[in-house]
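Structure incoming, see below.
What follows draws every value from the coordinates through simple rules; no lab data is involved. No experiment lies behind these values; they were computed from the predicted model shown. So basically every Cβ, Gly included, is an ideal-geometry build from the backbone, and we count neighbours across all protein chains shown.
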């Protein structure tokens with residue numbers, strides 16, 4: 001199996017959510033992550049993770065024009081790259097291999 005960059009749990013969640021949204025921005029990503037995971041997401045953790053994913057080549061980002069309703073602050077929109085999609089697919093396959101055959105253990109949980 002070729003060596004690929006490892007995705008941590010939160011990186012996986014952020015990357016999958018960015019893929020779901022196709023072209024999402026910070027607050028949108030935070031809301032979606034919180035809704036789907038049931039966990040509170042800190043903005044600092046999200047933006048640090050976005051920076052790390054971009055440095056790995058898994059996302060690209062672009063800044064939109066500043067908006068008056070946001071106090072003149074621009075939105076940072078992110079998209080998943082082809083490499084990011086491969087990383088998600090690899091991570092998903094690894095998870096499925098690890099969990100293969102263990103579904104019955106959760107029937108009474």
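How do 55, 61 line up, fewest other C-beta atoms within 10 Å first?
On the way: 55 9, 61 15.
Arranged by neighbour count, lowest to highest, 55, 61 become 55, 61.
From the square roots a ≥ b ≥ c of the eigenvalues of the alpha-carbon gyration tensor of the chain, which class results: rounded (a/c under 1.5), prolate (a/b over b/c), or oblate?
The shape class here is oblate.
How do 106, 58, 6 line up, fewest other C-beta atoms within 10 Å first?
106, 6, 58
If each residue of separation counts as 0.36 nm, what is the full-extension length gain between residue 31 and residue 85 once their alpha-carbon separation is subtracted? Mind showing how you got there, number by number?
Values: separation 54, 0.36 × 54 = 19.44 nm, distance 2.16 nm.
Contour length minus the Cα-Cα distance gives 17.3 nm.
Another one. Counting only helical runs of four or more DSSP H residues, what would the 222 nm mean residue ellipticity of the chain come to if each run contributes -39,500 (n - 2.57) and the total is spread over all its residues?
It comes out at -16500 deg cm²/dmol, rounded to the nearest 500.
Then there's this: Any idea how far apart residue 67 and residue 96 come out in nm if each label point goes 7 Å out from Cα toward Cβ?
So the label points at residue 67 and residue 96 sit 3.7 nm apart.
How many angstrom lie between the C-alpha centres of the stretch 72-109 and the stretch 11-32?
Using only Cα atoms, the two centres lie 12 Å from each other.
For 100, 90, what's the fewest-to-most ordering of other Cβ within 10 Å of each Cβ?
Ranked by crowding around the Cβ, least crowded first: 100, 90.
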